[in-house]
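All remarks here apply to the structure that follows.
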Amino acid sequence: MSVLAGCCVVAALATAGCNHVSAQASDPAREQVSLTGSELYGACAACHGASGEGNAAVRAPRIGGLPSWYIASELQRFQHNLRGKHPDDADGLRMRAMARQLFSDAEVAAVAEYVSQLVPVSTAASLTAGDMASGEALYAECASCHGARGEGDEQLRTPPLAGRDDWYIDKQIRKFRAGVRGTAAGDELGRQMQAVAATIDADSIQHVSAYLHTLSR
């Protein structure tokens, strides 16, 4: 079985239990963490890797070392249908099913903290046609929200971008442009990003994505 097939099997099993999970998620008795962050992450490792190094072959981004607030926020966005609900977002749909396997906010916090403690793993650039100078100039428009060095901003709820997989940043901006992300009801942050993405042409997306990959976390 391929890695992608394995990830899909895990997601399918997760989807099968979504109604059961939703029923328990609001149960106060579940607020106590039943599993450690390490144990909870075991289900994530099939796609994201044991060290959070990611796997481009299955479109699973590198996540090791990302801030816990960001990981928790994205998991909650998947859980509450703000992300990963669009029928054309195959990767998001898979991740939404996985996020719903976390029974409580405490479990979300536990796995987010575990991921944040993983040592970031460097990956090779994949967008070889990206122009760094153009990307740096383009990113100046993004820095007011995402930070001068792509560090993100917890108060603004804008994600860190520095050192992220270039293919992943490229893919997400294109999803925003196409309306695959940022169109869910109640997703105000996504709507803002969709408006920004609409102003970026295809070549520029590749340039800025390649540039962000070169920044240190």
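Only the coordinates and a few stated rules stand behind these numbers; no lab work does. Not measured: the values here are computed from a predicted model. Cβ sites come from the backbone with ideal geometry, for glycine too, and all protein chains shown count toward neighbours.
Can you pull the percent of Cα pairs in region 174-217 with separation above 16 Å?
Numbers: 409 of 946 pairs.
Considering region 174-217, 43 percent of its Cα-Cα pairs are separated by more than 16 Å.
Using r as the Cβ-Cβ distance of A140 and D105, and R0 as 35 Å, what FRET efficiency do you calculate, to the nearest 0.05?
0.45
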Seminar exercise, completed: Counting sequence-distant residues (5 or more places) and residues on other chains, those with an amide H built under 5 Å from that of T158 are D153
Exercise. If you plug each phi of region 99-113 into the Karplus form 6.51 cos²θ - 1.76 cosθ + 1.60 with θ = phi - 60°, what whole-Hz ³J(HN,Hα) values come out, in order, with x for Gly and Pro?
Worked result: 4, 6, 7, 8, 7, 7, 4, 5, 6, 4, 4, 5, 6, 5, 5
Exercise. When the Kirkwood radius is taken over all Cα pairs of region 65-113, what Stokes-Einstein diffusion coefficient follows at 10 °C and 1.306 mPa s, in µm²/s?
Worked result: 148
Exercise. Sorted by average packing, counted as other Cβ atoms within 10 angstrom per residue and highest first, what order do 51-59, 63-71, 187-195 take?
Worked result: 63-71, 51-59, 187-195
Problem set entry | Of every Cα-Cα pair in region 24-143, the percent that sits beyond 22 Å | 43
Problem set entry | Quarter of the Cα convex hull surface for region 130-172, i.e. its orientation-mean projected area (nm²) | 3.1
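Stick to Cα atoms and the Kirkwood definition of Rh, then tell me Rg/Rh for region 84-217.
Values: Rg = 15.4 Å, Rh = 15.9 Å.
Result for region 84-217 is an Rg/Rh of 0.97.
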Exercise. Which distance in Å, rounded to a whole number, links the C-alpha centroids of region 171-217 and region 44-78?
Worked result: 18
Exercise. Residues of region 58-75 with amide nitrogen under 19 Å from the 7 Å Cα-to-Cβ point of A90?
Worked result: 58-62
Exercise. Simple spin-label model, 7 Å along Cα-to-Cβ: A202 to A124 in nm?
Worked result: 2.6
